[in-house]
1. Test of understanding: what is the full-extension gain from residue 442 to residue 402, defined as 0.36 nm times their sequence separation minus their Cα-Cα distance?
2. May I ask for the angle, rounded to the nearest 10°, between helix 530-539 and the longest principal axis of the chain, with both axes built from Cα atoms and the value confined to 0 to 90°?
3. Please identify which residues in the stretch 537-555 have an amide N closer than 20 Å to a label point set 7 Å out from the Cα of residue 633, following the Cα→Cβ vector.
4. On average, how much area does the Cα convex hull of the chain cover when viewed from any direction, in nm²?
5. Please report, to two decimal places, log10 I(q)/I(0) for the stretch 500-583 at q = 0.15, 0.16, 0.19 Å⁻¹ as given by the Debye formula with identical point scatterers on the Cα atoms and no solvent.
6. Can you give the relative contact order of the stretch 3-121 as a percent, counting alpha carbon pairs under 8 Å and 6+ residues apart?
7. Can you give the relative contact order of the stretch 500-583 as a percent, counting alpha carbon pairs under 8 Å and 6+ residues apart?
8. Taking the chain as the reference, fit the longest principal axis to its C-alpha atoms, fit the long axis of helix 193-222 to the helix C-alpha atoms, and give the angle between the two in degrees, 0 to 90, nearest 10.
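Every read-out reported here was derived from the displayed coordinates using simple, explicitly stated rules and does not represent laboratory data. In this text, all values refer to a predicted model and were calculated from it rather than measured experimentally. Cβ sites come from the backbone with ideal geometry, for glycine too, and all protein chains shown count toward neighbours.
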């Protein structure tokens, strides 16, 4: 085997190659290594058994666990293993001494470790005045750097100042500096003494400049701020760094960031002009001024609004109908209206969103129906409650001249949802109030008018925002409290109360499965008989909707869940006999049979917001003097009806065998 001599060590042309991560070894220098990869451990063990000579080549990417030949640099350093210690975890602690540079000609073996044919690079014996000048300058720069950098010791500076070999000097300086692996590799690959010394001088100058800038930044900041204000200190440091790098101050960066957001927001032309004007004002303000935060908040609102961002409608009529039927029982009128809207949207893509108003008693599913419509159309859903709202600014926002001004709830909600065509539910629109702060119902006139809401003006924005693509759905329990002008702008759809049979189907198909899941019960653990559900509807609830019915079902589910956990039962069938065990005594009794069996009692019907009821009208005679006493909280119409009934009775007295003077002696 052909070999060469280097410092009395015979270096073969074919050597084992050990990849290094984040490290570069130079000739005649020593470094410790931790060897953990299986193939690397095998390489060290085999080398110890032979001549202790290996080749060290640095990886281009230290993150690669198993590097290929292309992942290694082409120039490395031959090294002599001077010491090896085996650790309990299987890794090796190795100390190696560099011998000479080499160039990889070809890899002869890749498993179990790399073996390569190499060409030893001899250290050039170059001498010139230029090299002497570079050596002297390097020593001078290193001395200056050692005085500035805490990681360089004075002993090292002394060794370098007394070093005569130009090659050793360059290698030792490069190994001592805190520079990147790529920069160290460049020094290793520099065979020419002049090139190597020039690179080292350049690296020294770079490190000195960085430290000088750091010291300059420190002195600038310390002279401007109090030492106890840590946050402010860090901000001033950042400013100074940006100034040195020529990147401008924080305010300039913020202005540029806003400019990019304005370009990406796809605003209408008029709105973009307003935003750019405000941005120009912001760039001229001092960040400490009160007006700065007001202007900045306004710009943030403008760039975050979804001017052209929306969701794509699901125009599949059959799929929408399926989703609506899946979520709600009956309500055919509402479902028909939504399906018709989708059908028209297929024929006319730019159709404005309808403005609906669901009117019905509590608990019939008005609010949940809005969520179902959003799911059927594939739109986002927003809900705001207008119950008790008395301030017009809740709808239109506050003018920016006020401290803490914000947009109205319409604009805030659309900004939050991030879509310009959501389903927007205005809940409890019949409970809006008025006071000295304005009339919110009047402010809603513009919002809910298709001829005006394409350019809705919020007091805070002061620029028009298009609400025509929003589908507004208002809900109310009663239509009477809603102002006529507001009613006129909405398509009113009345949702009546449910019959007992409707409630039975809703409970069976929706409420019972929902409460069973919410209470952690399985299908076989609790079964409701239809007769039991009907008993709950008639004897424990009195409502047009199903809220109380759901509460009573939840009460039963909780009772069953408790017994299942205690182990007293495994399954339960809810029938009429055990309802009172969980719900207590009957709350509502039917008086129909009892009252109608008594003479003088007539049955009537009464309309109420909760679905209506049966009225019993009872008449009785007693000793008296021509007096008609009416009890109860009766209106004028009911009183007139009673008088008319008495007059009719007297007119038919002879025909019905009633004494004609009975009214003279009886009341």
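1. 12.2 nm
2. Once rounded, one gets 70 degrees.
3. Flagged as within label range: 542-544.
4. 56.1
5. Values returned for q = 0.15, 0.16, 0.19 Å⁻¹ are -0.47, -0.54, -0.76.
6. 33
7. 40
8. 40
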